[in-house]
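Trainee: Before anything else, here's the structure in question.
What follows is calculated from the coordinates using simple rules that are stated; it is not laboratory data. All values reported here derive from a predicted model rather than from experimental measurement. Positions of Cβ are backbone-derived with ideal geometry, glycine not excepted, and every protein chain shown enters the neighbour counts.
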Amino acid sequence: MNNHVVIAEDEETIASILSQILKKHFNYQVSIATSYAQAYALLESVDPGLVFIDVNLGDGNGYDLLHTLISEKKRSAKVIMMSAHTNDSESLDEFIPEVDCFISKPFDKGEIIAAVRKVLSLDSD
């Protein structure tokens, strides 16, 4: 897998925590976008192997960003969607198999590590 990860998360604290986990446990290069507009621009300029997308971005919808990702060549990236609203996971049915994993917030470090290992088919370290 390409070791570049894009995090589209409007809550900077959550984005920072995710970044720290990904760097420490997987040694990934991480780019953070704190808005839909930033995420869209970032995905135009990089080719990530993994993308974390918050369902509710401040200036846009994570589902719209997912559609953009699906329709463009970046779809080779694995996608982990995140939301603080657990009922959002029910909406993901229309995107399966495009969404590789859904994580409810709040989450813990173990959930992130397990999700990354699952979607990237990694063995335990």
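Trainee: What share of the DSSP beta bridges in segment 4-107 is antiparallel, in percent to the nearest 5?
Mentor: The answer is about 10 percent antiparallel.
Trainee: If you don't mind, another one. Work out the charge dipole of segment 4-107 with +1 on the Cβ of Lys and Arg and -1 on the Cβ of Asp and Glu about the Cα centre, then indicate which of Ser76, His4, Cys101 is farthest towards its positive end.
Mentor: Value: His4.
Trainee: While we're here: Rounded, prolate or oblate: which one fits segment 4-107, using the alpha carbon gyration tensor with axes a ≥ b ≥ c (rounded when a/c is under 1.5, else prolate when a/b beats b/c, else oblate)? Walk me through the numbers on the way to the answer.
Mentor: On the way: a/c = 1.34, a/b = 1.10, b/c = 1.22.
Rounded shape, in that the Cα axes give a/c under 1.5.
Trainee: Okay, moving on. Using a Förster distance of 41 Å, how high is the FRET efficiency between Leu120 and Ala84, based on the Cβ-Cβ distance and rounded to 0.05?
Mentor: For Leu120 and Ala84, the calculated efficiency is 0.95.
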